[in-house]
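Chemist: What follows is a single structure, and I will ask about it in a moment.
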Amino acid sequence: MSIDELRTELARIDRELLELVARRLELAATIGGEKRATRTPTRDYRQEKVVIERARTAARDLGISPRLAENLVISLIRSSLTVQEQGRVAASRRGGGKRALVIGGSGKMGDWFVRFLSSQGFAVETADPDGGHHSDWAETSLEHDLIVVATPMVVANAILERLAGIGPPGLVFDIGSLKSPLRSGLEALVAAGVRVTSLHPMFGPDTELLSGEHVIFVDLGCPDATEEAEALFASTMATRVRMDLESHDRVIAFVLGLSHALNIAFFTALERSGETTPRLADVSSTTFEAQLDVARVLAGENPHMYFEIQSLNEYGDIALDELVKAAEKVRETVEAGDEAAFVALMSAGRRFLESRGSPE
């Protein structure tokens, strides 16, 4: 066979593989229906382990890499879980007969909430100058059962304050990455007697499967509102976490602020080093590539939003100071040739990371 004929055969096999994947997902959806009927949890880690071990055994029998088989099956498991989770969300019909308004619905996270709420049966309207059902949310009736403020933080607080002056009857929540810049608007809503809470989805707009993802709920003193917002995610596998307003931003200074700053410093140092990309690729290591993958994703995000996360957090300086001190400590230890101190740094870090445990 010529190389073109061989490639044609590969294309045929690829098509067959995808057809099998489609059949597998159809079967996974049916299994998801049985799980809902029997009130069985969507995720079963023991069964996942059985499936992975079965794939590794089959791979050895077939003479292919067990790691390849494991990675392939893990992707298939995630796809199956996504189908089953989406089925559970749709079956809940929590929004049946209800209306929702997403202010900022043309943005990436706004669009995620439009799709998420629509899948639950909400009749969703969007308000956004860049497109949607309404260009100006203030021109709507606001008689919705749910209002989501999904705008950039620099304008979200003003919207919350205006909503407080109107007093909509439905549940209101924002999805800001920080809460202190929204404090006056959130407090005004509470004072106006509006059912208000505050959310922080700890995932990006491309997320399909919520297993392993976290959603933070900031209770502003309206527990019924927070419980109603949490119920929107009850049929998903997301981990729901409650925090108060002050604790949220202090934690986020490290969870987002520190990790973002570290990666920005990483690719800034590379860019300023004068080393060319091909040269770095020629001598790359596993650790370098892993760090580069994370940095590459971050570098492609919205820099204006990332600046907000750094500049608007009242606790941001704490995390940045710790980053600078840590970098200086590593530098001092290396320059002093103090191997014991260097080992102590790594040992302390290992103990800290081990204390966090690892995700299942």
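Chemist: Take the alpha carbon atoms of the range 16-53, find their center, do the same for the range 92-132, and report the distance between the two centers in whole angstrom.
Modeler: If you average the Cα positions of each part, the centres end up 29 Å apart.
Chemist: If you don't mind, another one. Summing Lys, Arg as +1 and Asp, Glu as -1, what charge do residues with Cβ under 15 Å from the Cβ of Glu246 carry, Glu246 excluded?
Modeler: On the way: positive: Lys179, Arg183, Arg242, Arg250; negative: Glu187, Asp219, Asp244, Asp249, Glu314.
Summing Lys and Arg as +1 and Asp and Glu as -1 gives -1.
Chemist: Under a GNM of the chain (C-alpha, springs under 10 Å), which listed residue has the highest mean-square fluctuation: His214, His200, His304?
Modeler: Of the options given, His304 has the highest mean-square fluctuation.
Chemist: Shifting gears a bit: Give me the one-decimal Kirkwood hydrodynamic radius in Å for the chain, with the sum taken over alpha-carbon pairs.
Modeler: Working: mean 1/r = 0.0419 Å⁻¹.
Value: 23.9 Å, from the Cα pair sum.
Chemist: Still on this model: Work out the FRET efficiency for Val154 and Ala265 from their Cβ-Cβ distance, taking R0 = 35 Å, and round it to the nearest 0.05. Before the final figure, lay out the partial values.
Modeler: Details: r = 25 Å, r/R0 = 0.70.
It comes out at approximately 0.90.
Chemist: What spacing in nm lies between the two simple spin-label points modelled at Ala191 and Asp4, each 7 Å away from Cα in the Cβ direction?
Modeler: 7.6
Chemist: Further, regarding this structure: Could you tell me which trypsin sites (Lys or Arg not before Pro) in the range 25-57 are loop residues by DSSP with no more than 13 other beta carbons within 10 angstrom of their beta carbon? Present the calculation step by step, with values, prior to reporting the outcome.
Modeler: Details: sites: Lys35, Arg36, Arg39, Arg43, Arg46, Lys49, Arg54, Arg56; in loops: Arg39, Arg43.
Here the trypsin sites (Lys or Arg not before Pro) that fit, given the DSSP loop and packing criteria, are Arg39.
Chemist: What is the distance in Å between the Cα centroid of the range 312-341 and that of the range 214-254?
Modeler: 31
Chemist: With the crude spin-label approximation of a point 7 Å out along Cα→Cβ, what separation in nm comes out for Val330 versus Glu34?
Modeler: Placing both labels 7 Å along Cα→Cβ, they lie 5.0 nm apart.
Chemist: Please give every one of the lysines within straight-line cross-link reach of Lys179, meaning a C-alpha to C-alpha distance under 28 Å, and leave out same-chain neighbours fewer than 8 residues apart.
Modeler: Excluding near neighbours in sequence, the set is Lys98, Lys108, Lys325.
Chemist: Which translational diffusion coefficient, to the nearest whole µm²/s, is obtained for the range 278-360 from the Stokes-Einstein equation, given a Kirkwood hydrodynamic radius over C-alpha pairs, 4 °C and 1.567 mPa s?
Modeler: Numbers: Rh = 16.1 Å.
Translational diffusion coefficient: 80 µm²/s.
Chemist: I would also like to ask the following. Considering the chain as a Gaussian network with a 10 Å cut-off on Cα pairs, which listed residue, Asp249, Asp219, Asp321, attains the greatest mean-square fluctuation?
Modeler: In this elastic network of the chain, the residue with the biggest mean-square fluctuation among Asp249, Asp219, Asp321 is Asp321.
Chemist: Give a residue-ordered list of calculated ³J(HN,Hα) values for the range 199-204 (Karplus: 6.51 cos²θ - 1.76 cosθ + 1.60, θ = phi - 60°; whole Hz; x for Gly, Pro).
Modeler: For the range 199-204, the Karplus curve yields 10, 9, x, 8, 8, x Hz.
Chemist: Which of Ile31, Ile252, Ile103 comes first, and how do the rest follow, when ranked by fewest Cβ neighbours within 10 Å? Let's see the in-between values first.
Modeler: Numbers: Ile31 16, Ile252 24, Ile103 28.
Ranking Ile31, Ile252, Ile103 by Cβ neighbours within 10 Å, fewest first, gives Ile31, Ile252, Ile103.
Chemist: Moving to a separate point now. Expressed as cubic angstrom per residue, what is the convex hull volume of the alpha carbon set of the range 157-283? Please report the intermediate quantities before stating the final value.
Modeler: Numbers: hull volume 18.3 nm³, N = 127.
So the per-residue Cα hull volume is 144 Å³.
Chemist: Need one number: % antiparallel among DSSP beta bridges in the chain, to the nearest 5.
Modeler: Details: 4 of 26 bridges.
If I count the DSSP bridges inside the chain, around 15 percent turn out antiparallel.
Chemist: For the range 102-214, taking Cα atoms only, what is the radius of gyration to one decimal and the Dmax to the nearest whole Å?
Modeler: 13.4, 39
Each value in this text was obtained by applying a stated rule to the coordinates, not by laboratory testing. Quantities reported herein were computed from a predicted structural model and do not represent experimental measurements. Counting neighbours? That spans all protein chains shown, and the Cβs are built from the backbone with ideal geometry, glycine included.
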